[in-house]
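Participant: Handing you a structure now.
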Amino acid sequence: MSSGDSGPSSSKQLVQQPAAAGRSPNQPPLLGAGGRKVIVLKSGDEEEFEVDLLDAMQSRTLRRAIEDGCGDGPMPLPNLTGPVLAKVVELFRRHRGDPRWADELQETEKEGMFKDYAPQKPTAEVKGFDREFVSVDRDALFDLLRAANFLEAPGLLDVTCDAAADAVMNMTVEEVREYFGLVNDYTPEEEAALRKQHEWAFQ
Amino acid sequence: MLREGGAEHSPARSGKVGAPVPRNLLIRAEKKLTTTSQAYKDNNMRKISAHSDSSLAGSAKYESDLITNAPNLITVSKFGMVKSVPYHVNRCSSSTSEIRMDLDRLPNSVIEEILGRLPIQDAVRTSLLSRSWRHRWQSTPRLAFNETSFPPRLGESDLEYKCRLAKAVDRALLLHTSPISEFRLSCTDLENWVDVDVWLQVLSRKGVGSVGLCFCQGFPYKLPSYLFECELLGRMELYSCDLKLPETFKGFRHLVALHLERLIVSGADLRRLISGCPILEELQLSQCRGFDVTICAPKLRKLTVGGCFMYLHLKHTPVLAAASICLSALSGLHAVIGGYGLAELCSAAPQIENLVIGGHFLTLLSAIGHIPERLPHALSRLKNLTIDLNFEDLKECEATLCLLRSCCSLQILKINHQHRPYALADTGVEAELVWEARKGLDEFDKLTAVEITRVACLGSAIAFMRFVVAAAANLVRLDVGLDKKVLDDDSKFKEVAKDLFMSCPRASGQGRIVLLD
């Protein structure tokens, strides 16, 4: 897996302290610095990440799990590797307060859980971070796309899909097929006919 | 980059940045979750994975289903229903490289989402990828035609390009099968304007959600009446068009954003158009000239006005939060006659948070009658204020002071000195005195940043700076930019400023004064 290419060293730094082990499942969520609630995510290769509850809410999958009461112990995410999860967690942290999910948070608002939430538009710095975030090779980008799909995180999906769309733009049909691993099942005649029909779309 | 669009009017993406994931995609994902969790309860996963190892290795469809669903199977496992998930096992155990490549694939929903972001030309070409892709582009919700999404071919003449563009729009609309959420067309001009009429007719029947039209050359395009029958329209952006509202116009019940630039329209039609949009939240009128604007929009939150208007009146805008109004020198004869001043403007927008008074707007607002010490209704939510102010004009300085006294929550203040060539009288000395009388500013303590740019005259501007540092207890930064054309040697300014500030009482202990380059 090459997802760590963009900077495994920086992603390691994000791993805030290792989560406290051996807590009973009935304990309330951990409190991080400043008394904020944090949850622990566990990657497929057993790496643990502490995430601010507010940040984790950017993922619908995590939000559902937390609402179902699964946020107390480390939450296993077996199909995400440590480096991918580290990147995702960092993106969530940078996008705290993104207005894209403000409405959704208000819907799920319970007991003043998100009283710290203050919507703010992504700054130029965050946009720069996003650009950096997706400057990775195809395999790493696909890992992130799969993570976005699995986590149902609109912000992550938006950033990664834009990057993938930029990558395939101006590619020939053959190149796009190869990029996405699609198999051509047209007969040559069919393909030629279709090409003629959409002649206006070809350079 | 294909999608970055040239100007602000063309991009296929505007209005899309930051847009949430299309709802249908998410619903689909949720559906998958429920069906696959059922599969899981039946403990079928082991069977499925065993299957894919042997007999089904050749069946592409089955594999892709498995891949698409695999992440969600794991979703279920994380809630503790099943212990191990053979996703990576699956990956390792597949013997042929063909399958491995297939497992590397993205879920179809994600590929669709990616290809849905492609410009129209690339989207159409996806029909050649494989049979299952043949018709997918025909349900892409966004259709945008501009020079970036539909670039001219090498060596193609202007006429050939226009004909090909017209054919492309024709084909796209003819073959399109689903509702169109967004349609944008941006080009210099077209050979045959009747084409656009027909497209708009098709779009209105399809219940289009957002329309953007921009023709930057030739005569303004005369909008057909079909456009005003698009009942589901949520967003409309028109550039260089001729708008005449049909008698039968019933209003746009769903219109949220309206951007009009270089539009030809009568004041009466504009008033009817705006009041026909009961939930309008965003209104932009740029480079429009000549007509009266009376805005009656109960839900309006953002207003941007630029150009030359005879009359601008915010009649009913109770929830307006951000307003930027820049008027050119020749506007507003009627504004003066109509007695519409600062007090009227501000009482029309009690909720305002960001306000820009640009161009000659302040001249107009302060021209009439007596300027009170404070506004009748304080603007208690105003946080950011930007003013184009002539420091040498007494009336304008008084109006600014009145405004400052009335906004107790002001955090950021930006003042651009604006030299007015048409100024009637030189009142620089009196203007200076306005800032000396700094009474009634006891609630000025939220102000943290002040920026003054294009400073060209010393007296009044420096008096204003002294006023600011004396009054703002929590000021962190005062930035000063000089007008280099007038004050080419800033050493004199520095000297004067230093003298003045040394002797000036300062309310904030931590404030810094920065001279901008």
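The values are calculated or read from the model by the stated rules, or taken from the named source; none is laboratory data. Small disclaimer: the values here were computed from a predicted structure and weren't measured. Positions of Cβ are backbone-derived with ideal geometry, glycine not excepted, and every protein chain shown enters the neighbour counts. Side chains are part of the model used for accessible areas, which takes the heavy atoms of the whole protein and leaves out ligands, DNA and RNA. Shrake-Rupley method; radii C 1.70, N 1.55, O 1.52, S 1.80 Å.
Participant: Among what's in region A:49-75 and is within 14 Å of A:Arg96 (Cβ to Cβ) and part of a strand (DSSP E or B), pick the residue that is farthest from the other protein chains (Cβ to nearest Cβ).
Facilitator: Taking region A:49-75 as the starting set, the residues that turn out to be within 14 Å of A:Arg96 (Cβ to Cβ) are A:51-59.
Filter once more, keeping what is part of a strand (DSSP E or B): A:51-52.
On the way: A:Val51: 15, A:Asp52: 19 Å.
Once the filter is applied, the top-ranked residue is A:Asp52.
Participant: Looking at B:Arg105, is it within 25 Å of the chain's Cα centre (by Cα) and either within 25 Å of A:Ala163 (Cα to Cα) or of a type in the set (Phe, Trp, Tyr) (or both)?
Facilitator: Numbers: within 25 Å of the chain's Cα centre (by Cα): no; either within 25 Å of A:Ala163 (Cα to Cα) or of a type in the set (Phe, Trp, Tyr) (or both): yes.
It is false that B:Arg105 is within 25 Å of the chain's Cα centre (by Cα) and either within 25 Å of A:Ala163 (Cα to Cα) or of a type in the set (Phe, Trp, Tyr) (or both).
Participant: Looking only at region A:147-178, filter to residues that are among the charged types (D, E, K, R) and open to solvent by 30 Å² or more (accessible area, probe 1.4 Å); which one of those is nearest to B:Pro152 (Cα to Cα)?
Facilitator: Let us first name the residues in region A:147-178 that are among the charged types (D, E, K, R), namely A:152, A:158, A:162, A:166, A:174-175, A:177-178.
Keeping just the survivors that are open to solvent by 30 Å² or more (accessible area, probe 1.4 Å) gives A:166, A:174-175, A:178.
Values: A:Asp166: 19, A:Glu174: 22, A:Glu175: 22, A:Glu178: 27 Å.
Restricting to residues being among the charged types (D, E, K, R) and open to solvent by 30 Å² or more (accessible area, probe 1.4 Å), the top hit is A:Asp166.
Participant: Which residue out of B:Leu200, B:Leu227 is out of contact with any Pro (no Cβ under 8 Å at 6 or more places or on another chain), open to solvent by less than 10 Å² (accessible area, probe 1.4 Å) and at pLDDT 90 or above?
Facilitator: Values: B:Leu200 fails: out of contact with any Pro (no Cβ under 8 Å at 6 or more places or on another chain).
Result of the check over B:Leu200, B:Leu227: B:Leu227.
Participant: A:Asp116 - would you say it is modelled with pLDDT under 80, open to solvent by 30 Å² or more (accessible area, probe 1.4 Å) and part of a loop (DSSP other than H, G, I, E, B)?
Facilitator: Taking the combined requirement at face value, the residue satisfies it.
Participant: Same structure, new question: Within region B:362-382, work out how many residues are surrounded by 18 or more Cβ atoms within 10 Å (Cβ to Cβ) and either under 22 Å from the mean Cα position of the chain (by Cα) or of a type in the set (Ser, Thr, Tyr) (or both).
Facilitator: Going through region B:362-382 one residue at a time, the tally reaches 3.
Participant: Another question, then. Show me the helices (runs of 4 or more DSSP H) found entirely inside region B:101-189 where at least 1 residues are within 7 Å of another protein chain (Cβ to nearest Cβ) and among the acidic types (Asp, Glu). Spell out the reasoning first.
Facilitator: On the way: elements: B:108-115, B:120-125, B:158-175.
Where helices (runs of 4 or more DSSP H) fall fully within region B:101-189 and carry at least 1 residues being within 7 Å of another protein chain (Cβ to nearest Cβ) and among the acidic types (Asp, Glu), they are B:108-115, B:120-125.
Participant: Filter region B:271-308 for residues that are free of Cβ contacts under 8 Å to residues at least 24 places away in the same chain and open to solvent by less than 50 Å² (accessible area, probe 1.4 Å) and give the result.
Facilitator: B:Ile274, B:Gly290, B:Ile295, B:Ala297, B:Leu300, B:Leu303, B:Thr304, B:Val305, B:Cys308
Participant: Also, quick follow-up: Restricting attention to region A:179-191, which residues are more than 7 Å from every other protein chain (Cβ to nearest Cβ) and surrounded by 12 or more Cβ atoms within 10 Å (Cβ to Cβ)? Before the answer, list the steps.
Facilitator: Residues of region A:179-191 that are more than 7 Å from every other protein chain (Cβ to nearest Cβ), as a first pass: A:179, A:187-190.
A:Tyr179, A:Glu190 - these are the residues of region A:179-191 that are more than 7 Å from every other protein chain (Cβ to nearest Cβ) and surrounded by 12 or more Cβ atoms within 10 Å (Cβ to Cβ).
Participant: State whether the residues of region A:138-151 include one that is more than 10 Å from every other protein chain (Cβ to nearest Cβ) and closer than 21 Å to B:Ser130 by Cβ.
Facilitator: No, region A:138-151 contains no residue that is more than 10 Å from every other protein chain (Cβ to nearest Cβ) and closer than 21 Å to B:Ser130 by Cβ.
Participant: I would also like to ask the following. Give the residue that is farthest from the chain's Cα centre (by Cα), with candidates limited to residues of region B:386-409 that are surrounded by fewer than 22 Cβ atoms within 10 Å (Cβ to Cβ) and assigned to a loop (DSSP other than H, G, I, E, B).
Facilitator: By that ranking, first place goes to B:Cys408.
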